[in-house]
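The values are calculated or read from the model by the stated rules, or taken from the named source; none is laboratory data. Keep in mind that this is a model prediction, so the values were computed, not measured. Quick reminder, even Gly has a Cβ in these numbers, built from the backbone with ideal geometry, and neighbours come from all protein chains shown. Each accessible area value is taken on the protein alone, full model and side chains, heavy atoms only, with ligands, DNA and RNA left out. Shrake-Rupley method; radii C 1.70, N 1.55, O 1.52, S 1.80 Å.
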Amino acid sequence: MAEIDLAKLKEIGAKYFEKAQTVNDQAGLESLRLAFFGKNGDIKQLQKSLSTLAAELRPQFGQAINELRSKLESNFEELKVRLEAEAHRQQQASERIDITLPPHAEHLGSLHPISKTIMEMERIFIGLGYKIAEGPEIEWVKNNFDLLNIPEGHPSRELSDTYYLDDKICLRTQTSPVQIRVMQAQQPPIYIICPGKVYRPDTADATHSPLFHQIEGLVVDKGISMSNLVGTLKHLAKALFGENTEIRLRPHHFPFTEPSCEVDVTCWKCHGSGCPTCKNEGFVEVLGAGMVHPQVLRNCNIDPEVYSGFAFGIGAERVCMAHYDISDIRYFSENNLRFLEQFK
C-alpha cells in the first residue's frame, strides 16, 4: 500500500496558483479548470489514489484532498467572477456610443420642383383668400366635357386627345371638373384654385408629356367682371415672375369661357427685349383665361343673371421650367438624382 504524500498536495496547490496568475481570459480559465478539476485533472487523480492507501490512512488523506480542492475551487470561482466582470466591462466599452462625435450624415430627399411650384402658387392664392379644391383624376365624361359646354365632336373629345376608360369615364384632361363639382356642391361666392395631375395622349418630347400638372382658378360671385380677372392675373404674374412683369391678353376661344383670352407675360429671360425663348416677341404665353360661360353656370344650377365669374388655367411644369431655366419637361419624371438634387 502506498503512503500519504502530503508534499504532493502542496506541489499541486503551488502549481495551480502559478497557472492561475497567468489566466486572463475565458479560454485560459477553461484550460485551468480542466487541468485541475476535470475528469483527468490533478484533483481527480488524487481522489483516485485514495484506493491505493491503507484503510486507516484514507480518512486523513481524503480530508487533506478535500481541503485542497475546496481552497482551489474557491480561488477558481473568484477568478471566474473577476474575468467575467472584466469581459462585461470590455463589452460595454466596445459598445459605448460616443455622443461627443458628430452623427453620421444621412442622405435626405427634398420636395420635387413641381411640388415646390404648386405650393408657391397655392401660397399666392391663399393670401388672396382662395381655398384649395381637389377632385378625382378618373372623372365622368359628363364633368370633363358636357357640363363645361364642350360639345360632341369637339377635337378635345377625340381619342387622340383623351384617355377613355369607357364611354362614360375618362382620365381628366384638365382640373376644370373640380370646378364643376364645387359649383354643384355650393352656391357662390366661390373662390378656389384646383391643382392636380391631368392626362392627355401626347407624345413625350421636350415640351409635352402625357401626364402633367395644372393649376386652375375659379371665382364666382356677384359683380365679377373682366377687370377682376385682369387684376388677378397681374398679381399672379408679378408674384411668379417678378415685380417688373407685365401681362398681355390676346383674344381666344374656349367653350367654357366667354369672352376668352390667352395670357402672355414679359419674357423672364430677356425681360421684354427679345430673345430665342420668346421668339423675339418680348412675351411668352403662359395660361388661358376668360369669364365663365353663362351656360356652365346654368349647368351647375347657378343663375348667370345674378352671378358671374372668371376662370384660368396654368401648367405647373411651364412655370417651373421658367423659374429654373429648364429646357426639357422630361427631366421632371426621369428620377435623375443629379437633376433633383439641384432643388434642395
³J(HN,Hα) across region 327-336 via Karplus (A = 6.51, B = -1.76, C = 1.60, θ = phi - 60°), whole Hz, x for Gly/Pro?
9, 9, 5, 5, 4, 5, 10, 7, 6, 7
Specify the angular offset, from 0 to 90 degrees and rounded to the nearest 10, of the alpha carbon long axis of helix 226-241 from the longest principal axis of the alpha carbons in the chain.
40 degrees
Cβ neighbours within 10 Å, averaged per peptide: list 62-68, 138-144 in order, most packed at the top.
138-144, 62-68
Under a 1.4 angstrom probe, counting protein chains only, how are PHE61, PHE254 ranked by accessible area, largest first?
PHE254, PHE61
Phi angles of region 68-80, converted by Karplus (6.51 cos²θ - 1.76 cosθ + 1.60, θ = phi - 60°) into ³J(HN,Hα) in whole Hz with x for Gly and Pro, give 5, 4, 4, 5, 5, 5, 4, 5, 4, 5, 4, 5, 5
Report the Cys residues of the chain lacking a disulfide-compatible partner, meaning no second Cys Cβ under 4.7 Å from their Cβ.
CYS170, CYS194, CYS261, CYS300, CYS320
Hey, if you drop one equal point scatterer on each alpha-carbon of region 266-323 and run the Debye formula without solvent, what base-10 log of I(q)/I(0) do you get at q = 0.14, 0.18, 0.23, 0.30 Å⁻¹?
-0.56, -0.68, -0.85, -1.12
Sites matching trypsin sites (Lys or Arg not before Pro) across region 201-268 that sit in DSSP coil, with at most 11 neighbouring C-beta atoms within 10 Å:
LYS222
Note on the chain, DSSP bridge orientation, antiparallel percent to nearest 5 equals 95 percent
Highest mean first, how do 31-41, 287-297 rank when packing is the count of other Cβ atoms within 10 Å averaged over residues?
287-297, 31-41
Semi-axes of region 111-159's equivalent ellipsoid from the Cα gyration tensor, sqrt of 5 times each eigenvalue, largest first, rounded to whole Å?
30, 14, 10
If you build the Cα gyration tensor of region 144-295 and take the root of 5 times each eigenvalue, what three semi-axes come out, in whole angstrom, biggest first?
27, 22, 13
To the nearest Å², the heavy-atom accessible area per residue of the chain with 1.4 Å probe amounts to 58 Å²
Output the Cα-based Rg and Dmax of the chain in Å, rounding Rg to one decimal and Dmax to a whole number.
43.9, 133
Size of charge dipole - the chain - debye, nearest 20, with Cβ of Lys, Arg +1 and Asp, Glu -1, no other charges:
940 debye
Give me the Å³ per residue figure for the convex hull around the C-alpha atoms of region 187-271.
142 Å³
Under 25 °C and 0.890 mPa s, how fast does region 42-111 diffuse according to Stokes-Einstein, given a Kirkwood radius computed over C-alpha pairs? Answer in µm²/s, whole number.
142 µm²/s
Between 0 and 90 degrees, rounded to the nearest ten: what's the tilt of helix 6-20 against the longest Cα principal axis of the chain?
20 degrees
Report the rotationally averaged projected area of region 60-203 based on its alpha-carbon convex hull, in square nanometres.
22.7 nm²
Sequence-distant residues sharing a close amide H with THR257 (under 5 Å, placed H)
HIS293
